[in-house]
1. Hey, can you grab everything whose amide H is under 5 Å from the amide H of Leu84? Only 5+ residues off in sequence or another chain; H modelled, so Pro and N-termini drop out.
2. If you take every DSSP beta bridge fully contained in the chain, what fraction is antiparallel? Give it as a percent rounded to 5.
3. Between the alpha-carbon centers of the stretch 97-113 and the stretch 1-75, tell me the distance in whole angstrom.
4. Please report Cys105, Cys116 as a ranked list, fewest other C-beta atoms within 10 angstrom at the top and most at the bottom.
5. Can you list the HN-Hα couplings for the stretch 134-142, worked out from phi with the Karplus curve (6.51, -1.76, 1.60; θ = phi - 60°), rounded to whole Hz and with x for Gly and Pro?
6. Within 10 Å, count the other beta carbons around each residue, average over each peptide in 119-127, 150-158, 38-46, and list them highest first.
7. What is the order of Trp57, Trp93, fewest Cβ neighbours within 10 Å to most?
8. For n ≥ 4 DSSP H runs only, could you compute -39500 (n - 2.57) per run for the chain, divide by its residues and tell me the 222 nm figure to the nearest 500?
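Only the coordinates and a few stated rules stand behind these numbers; no lab work does. The model shown is predicted, which means the values in this text are computed figures rather than measured ones. When we count neighbours, we look across all protein chains shown, and the Cβ atoms used for this are built from the backbone with ideal geometry, even at glycine.
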Amino acid sequence: MQASSLLHSPAAERNREPILQVLQRVLPGAGGTALEIAAGSGQHAAHFARALPNWQWLPSDGDARVLPSIAAWCDGLPNVLPPLHVDVAAPQWDGVPPALDALYCANMVHISPWACCEGLMRGAARHLKAGAPLVLYGPFIQDSVPTAPSNLAFDADLRARDPAWGLRRLADVADLAREAGLRFQESVALPANNLLLVFLRAGG
């Protein structure tokens, strides 16, 4: 592991185990290839790959500057492929296999323009096998549930930094997924007022 390349996210350190517990349930037991969009520091990729040895993990990010950190965190893990630079909003994802068994994305939808969420859904529809899961993690607004004050403050801070950012309504994300050919499966409440959303590619 090249320490000089390492980025560190305290939040990723805190949430990796609760997320993993859900992934162990919702990912197909036979294993396969999982693409991670917006892998960031690479901490999730390394943790999940170690805990899910029958899964081949393909981390990616839209910021090429973080790829060395992803590679450093995953150094020595035989089931992690070299990280890719993937612009999630692009019409094609260069280097991504055409038939993925799972797609995972954490904390991107609210810290990016809505076009990135649209691109994520289109890409999932293109690349996931029929019945394969798209798993999203982060804070979302639910119409029937009061939004936590901390999430309201976070949303206001995001929008002040960039008007195109902000927490998304779960209903809007689910509608976008359905239009792309993905079926909403479930929502799992996780610590710190975050949700893990599971969608399935149509046809399975």
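1. The answer is Ser60, Asp61.
2. Details: 14 of 33 bridges.
Counting only bridges with both partners in the chain, antiparallel ones make up about 40 percent.
3. So the separation of the two Cα centres works out to 12 Å.
4. Values: Cys105 24, Cys116 20.
Ascending number of Cβ neighbours within 10 Å: Cys116, Cys105.
5. Couplings: 9, 10, 10, 10, x, x, 9, 9, 10 Hz.
6. Working: 119-127: 21.6, 150-158: 14.1, 38-46: 25.4.
Highest-to-lowest ranking by the protection proxy: 38-46, 119-127, 150-158.
7. On the way: Trp57 25, Trp93 20.
Placing the least packed residue first, the sequence is Trp93, Trp57.
8. On the way: 6 runs with 71 residues, N = 204.
Taken over the chain, the calculation gives -11000 deg cm²/dmol.
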